[in-house]
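One structure is given below, encoded as structure tokens.
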Amino acid sequence: MTRLAILAALPALAACTTMPDTAPLPEPQERFWEALESHCGNAYEGELASSDARDADWQGKRMIAHWADCSSTRIAIAFHVEDDAQADGWDRSRTWVVSRTEDGLRLKHDHRHADGSEDAVTQYGGDTLSAGTARVQDFPVDAYSIALFEREGLDVSLTNVWRVEVDPADARAPRFAYQLTRRNDPTRLFRVEFDASEPVEVPPPAWGW
């Protein structure tokens, strides 16, 4: 092969050897990711759907979930909660970050103060341990989070399991939900649900984003 022919073949060879942006996930997780991704850019209003007395302060408050940042490997959902104590009437300290890993999906909680600085308790969460379903994924607490909770005296959180549920945006009456339970406390349930069929006005960015 002449030097000219070799040079002409290089672009095609490069195209054949280009690696994909993301590793393939088990089929249920791929479908879940696609459903989550279908809401990118949208914001939805929701409310507390559980009745645990420990969450009494959340009762009756308006909530908005905003798909604020999306890429091929990460989806960040800002969680805004009505709060009269804040200057604009909203607590914008929480962002749920779902990302793809080599082994599945990961959920992390990005907690910030109003000045954008990180809270002492932040970046906690967990990885999926099974393929889950196209609509539901569970994230048991990981080792990093356990160490963080122990350091901060949050021993009640050492067995946390977070759940994310999502329907595709084009489903009939789609919904989105975030839930917290604890393996060592069957009475613990925190759950918020959002009507994903009717987007609302996009809120200001979450603190620090």
| query | In terms of modelled amide H atoms, which long-range or inter-chain residues lie less than 5 Å from the amide H of Ala114? | reply | none
| In a GNM of the chain with a 10 Å cut-off on Cα contacts, which of Ala87, Ala68, Ala196 has the highest mean-square fluctuation? | Ala87
| query | Which ³J(HN,Hα) values, rounded to whole Hz and listed in residue order, are derived for the stretch 97-109 from phi using the Karplus coefficients 6.51, -1.76 and 1.60 in 6.51 cos²θ - 1.76 cosθ + 1.60 with θ = phi - 60°, glycine and proline given as x? | reply | 10, 9, 9, 8, 10, 5, 10, x, 10, 10, 10, 10, 10
| remark: Residue-normalised 222 nm signal for the chain, counting each DSSP H run of n ≥ 4 as -39,500 (n - 2.57), nearest 500 deg cm²/dmol, is -5000 deg cm²/dmol
| field | Charge tally in the Cβ shell below 13 Å around Gly41, where Lys, Arg are +1 and Asp, Glu are -1, Gly41 excluded | value | -3
| request: Indicate the gyration tensor shape class of the stretch 124-209 (rounded, prolate or oblate), computed on the Cα atoms with a ≥ b ≥ c the square roots of the eigenvalues: a/c under 1.5 is rounded; otherwise a/b larger than b/c is prolate and the rest oblate. | output: prolate
| note | Scoring the stretch 3-195 by relative contact order with C-alpha pairs under 8 Å, at least six apart, yields a percentage of 19 percent
| Longest segment of the chain lacking GluC sites (Glu not before Pro) that sit in a DSSP loop with at most 10 other Cβ atoms within 10 Å | 1-101
| message | Compute for the stretch 3-195: radius of gyration divided by Kirkwood radius, i.e. Rg/Rh, restricted to C-alpha atoms, rounded to two decimals. | response | 1.07
| task | Please compute the net charge surrounding Tyr144, taking Lys and Arg as +1 and Asp and Glu as -1 over other residues with Cβ under 13 Å from its Cβ. | result | -1
| note | With +1 at each Lys and Arg Cβ and -1 at each Asp and Glu Cβ, the charge dipole magnitude of the chain around its Cα centre, to the nearest 20 debye, comes out at 640 debye
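Bear in mind that the values in this text are calculations on the coordinates, not laboratory data. Everything numeric in this text was worked out from a predicted model, so none of it was measured. Backbone-built Cβ (ideal geometry, glycine too); neighbour counts: all protein chains shown.
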